[in-house]
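Input: a single structure, listed below in structure tokens.
The values are calculated or read from the model by the stated rules, or taken from the named source; none is laboratory data. Predicted, not measured: the structure shown is a model, and the values here were computed from it. A quick note on method: Cβ atoms are made from the backbone with ideal geometry, for glycine too, and the neighbour counts reach across all protein chains shown. With ligands, DNA and RNA removed, areas are computed over all heavy atoms of the protein, side chains included. Shrake-Rupley method; radii C 1.70, N 1.55, O 1.52, S 1.80 Å.
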Amino acid sequence: MKTERRWILGIEGMTCDGCARGLDKALAKVESVLEASTSYPEGRSVVLATAELNRSALAAVVEKKGYALVSAESDDVVADAKDATYDLAIIGSGSAGVAAAIRAAESNARVAIIEAGVLGGTCVNVGCVPSKTLIRAAEARHRAGHVPFAGIETHASGVDFAALVAQKDELVAELRQAKYVDVLAAYPSVSVLRGRARFAPSGDLLVDDVPVRAKKILIATGSSPTVPEIEGLADSRYVTSTELMELPRRPEHLLVLGAGYVALELGQAFARLGSHVTILARSRLLSSDDPDVGDALAEHLRAEGVDVKLGVSVERVEHSDGGLAVRGRDAEGAVEVRGDELLVATGRRPNTAGLGLDELGLELGPKGQLLVDEYLRTSLPGIYAAGDVTGDPSFVYVAAYAGNLAADNAVNEAARTYDVRTVPAVTFTDPAIASVGITEAEARAQGIDAMVSKLPMSYVPRALAARDTRGFIKLVADRSTKLFLGARIVAPEAGELIQPIVMAMKFGIRTDQMAGLLFPYLTAVEGLKLACQTFDKDVAKLSCCAA
């Protein structure tokens, strides 16, 4: 295990962001360099490297690119694992791992984060951040070509896909540096150990076969895309969401295998960027959610020109004329579609392989997830788990909450209990989808006498004024207590509307109390008041500002 150092380089002579990207590429080719992030406006580069890298080697790279190295400061980022005993060792540097490290460091614990790849995990590197910036870019182009107001003329021109991907990569690098590398470096008691972690049959934690001593261990290794067993798929050219966002060119015809949030978000985004997109769903869109949600989204996607095929059982994937052919069957017979790229977005699996968990005797669930109790303890004393690796909702905010809680319990014996009963979820399609709690069908299956309110957005004044009435607000509540059980919202602003329902469920606010609150007129959130009034009244018979 080697000690690492962070170098802060002052650089003169760069003239644009392209200079910064070029320098990053040059630095990345140096064997001792682990990460490099250069900012043209700031005239500086932050380099994470192994201990043997010196100032002269860095100066040589900078000068070869035609710039001047005017300053170089360095500090230790990690300590030598062979000589340290940690209060908490964390496997994984994603949201759960970093949140855990911060919480433990705040408690004066000595912490090791073990990472074999790039710091930051899924969200900042290949998940939320890159996907949402591409989705937003695609939305901007779509809006330019689809204006609902009379007298307003705009035009959506072409797409420089390579430039868009480069801008996305810049944002990823900036946030990874600011929110992960720099944040961890700000806590002197946190060491980042580079290498692959695994458990020996004896129970010892190893990093690249070097033992690491730790009083408690947190496994926060996240999840990865799953690839189904379909004939010919393994031998065909396909991409997961990670590779799709790194393509050098925009696909002409993108085939999407899957109907979950990743498939739908990226499928719509690439359609709006100019690709022809075909979505192949095994049953319906978002099949685990309320059928009204998937049905509504399918209608809106088709209206934009996305080819949505439901109930397709894919049987074979093969190369065809330089592209790909997907063959299967639906209720009407044989289905065959061809394209030049295939996105496989059929879910994610916990990253537990290769850690030696079987030999250790840790209890795993049917999907390979680590089973934990309400305190996020695994089946072995002293070992905790948090985030996607436990099979819980794959949301960065859930992982961060879990990591914080697990560290508090591990280091401080806080006995905090893990509660995800009121977790909001947002799918960043357009219209967006937001949800919390249980559906109408789930409530009835539990024997609850549920009442349901479903308000079309066409009754919300804000939607009428914006000339965008797509979607609905659907609320489910207990008839006897009038307490919210769940909500499903399909609307352009769905993600901004769900939190009041989350708070109502968390703190016991009734539907009639929500209906009696004052909401500002001509806001989207006013739709929640109207939806609550709809439990007892015909909203069509209310004025636009009825109390």
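Having 1 or more residues that are acidic (D, E) is the bar; report the strands (runs of 3 or more DSSP E) wholly within segment 314-375 that clear it.
323-330, 333-339, 341-344
Any idea which residue in segment 411-423 is least open to solvent (accessible area, probe 1.4 Å), counting only those that are within 22 Å of the chain's Cα centre (by Cα) and aliphatic (A, V, I, L, M)? Spell out how you get there, then give the answer.
Taking segment 411-423 and keeping what is within 22 Å of the chain's Cα centre (by Cα), we get 418-423.
Applying the additional criterion that residues be aliphatic (A, V, I, L, M) yields 420, 423.
Details: V420: 50, V423: 30 Å².
By that ranking, first place goes to V423.
Report, by residue number, each residue of segment 82-108 that is touching an Asp or Glu at 6+ places or on another chain (Cβ under 6 Å) and surrounded by fewer than 21 Cβ atoms within 10 Å (Cβ to Cβ).
Hits for segment 82-108: nothing passes.
Quick check on my filter: what residues within segment 455-499 are within 19 Å of R510 (Cβ to Cβ) and either over 28 Å from the mean Cα position of the chain (by Cα) or open to solvent by 60 Å² or more (accessible area, probe 1.4 Å) (or both)?
Selection gives L455, A477, D478, R479, S480, T481, K482, L483, Q499.
In this structure, is S224 under 24 Å from the mean Cα position of the chain (by Cα) and polar (S, T, N, Q)?
Numbers: under 24 Å from the mean Cα position of the chain (by Cα): yes; polar (S, T, N, Q): yes.
Judged against the criteria, S224 is a match.
Within the group Y401, Y397, which residue is surrounded by 15 or more Cβ atoms within 10 Å (Cβ to Cβ), touching a helix residue (DSSP H, G or I) at 6+ places or on another chain (Cβ under 9 Å) and not in a loop (DSSP other than H, G, I, E, B)?
Exactly one of Y401, Y397 is surrounded by 15 or more Cβ atoms within 10 Å (Cβ to Cβ), touching a helix residue (DSSP H, G or I) at 6+ places or on another chain (Cβ under 9 Å) and not in a loop (DSSP other than H, G, I, E, B), namely Y401.
Which residues, counting only those in segment 1-45, are of a type in the set (D, E, K, R), part of a helix (DSSP H, G or I) and without any contact (Cβ under 8 Å) to a residue 40 or more places away in the chain?
Pass one, segment 1-45, residues of a type in the set (D, E, K, R): 2, 4-6, 12, 17, 21, 24-25, 29, 31, 35, 42, 44.
With part of a helix (DSSP H, G or I) added as a condition, the list becomes 17, 21, 24-25.
Listed by number, the list holds a single entry, K25.
One line per residue, one yes/no per condition, for (1) modelled with pLDDT of 90 or more; (2) over 30 Å from D392 (Cβ atoms):
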{"site": "A26", "(1), (2)": "yes, yes"}
{"site": "E31", "(1), (2)": "no, yes"}
{"site": "G66", "(1), (2)": "yes, yes"}
{"site": "D83", "(1), (2)": "no, yes"}
{"site": "S95", "(1), (2)": "yes, no"}
{"site": "E106", "(1), (2)": "yes, no"}
{"site": "R110", "(1), (2)": "yes, no"}
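Can you pull out the residues in segment 291-313 that are assigned to a helix (DSSP H, G or I), surrounded by 17 or more Cβ atoms within 10 Å (Cβ to Cβ) and among the aliphatic types (A, V, I, L, M)?
Scanning segment 291-313 gives V293, A296, L297, A298, L301.
Testing D408 on (1) buried (at least 16 other Cβ atoms within 10 Å of the Cβ); (2) over 12 Å from the mean Cα position of the chain (by Cα); (3) part of a loop (DSSP other than H, G, I, E, B), one condition comes back false. Which one is that?
Unmet for D408, out of (1) buried (at least 16 other Cβ atoms within 10 Å of the Cβ); (2) over 12 Å from the mean Cα position of the chain (by Cα); (3) part of a loop (DSSP other than H, G, I, E, B): (3).
So for segment 424-446 (the condition being free of Cβ contacts under 8 Å to residues at least 40 places away in the same chain and either of a type in the set (V, I, T) or crowded, with 21+ Cβ neighbours inside 10 Å (or both)), does at least one residue qualify?
No: zero hits.
Which one of S275, S288, S236, S283 is of a type in the set (S, T, N, Q), surrounded by 15 or more Cβ atoms within 10 Å (Cβ to Cβ) and farther than 28 Å from H155 by Cα?
Only one candidate qualifies: S236.
Conditions: (1) closer than 15 Å to I217 by Cα; (2) open to solvent by less than 30 Å² (accessible area, probe 1.4 Å). A345 meets all but one. Number of the miss?
(1) is the only condition that A345 fails.
What pairs can you find where one residue is in segment 339-355 and under 20 Å from E246 (Cβ atoms) and touching a residue at least 12 places away in the same chain (Cβ under 8 Å), the other is of a type in the set (F, W, Y) and open to solvent by 10 Å² or more (accessible area, probe 1.4 Å), and their Cβ atoms are less than 6 Å apart, with a gap of 6+ or different chains?
As it stands, the answer is L342/Y238; V344/Y238, since those pairs meet every condition given.
Quick grid of which residues meet (1) modelled with pLDDT under 95; (2) hydrophobic (A, V, I, L, M, F, W, C):
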position	(1), (2)
A140	no, yes
R176	yes, no
V181	yes, yes
A185	yes, yes
P188	yes, no
G195	yes, no
S202	yes, no
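Are there strands (runs of 3 or more DSSP E) fully within segment 138-216 with at least 1 residues that are open to solvent by 70 Å² or more (accessible area, probe 1.4 Å)? List them.
197-199
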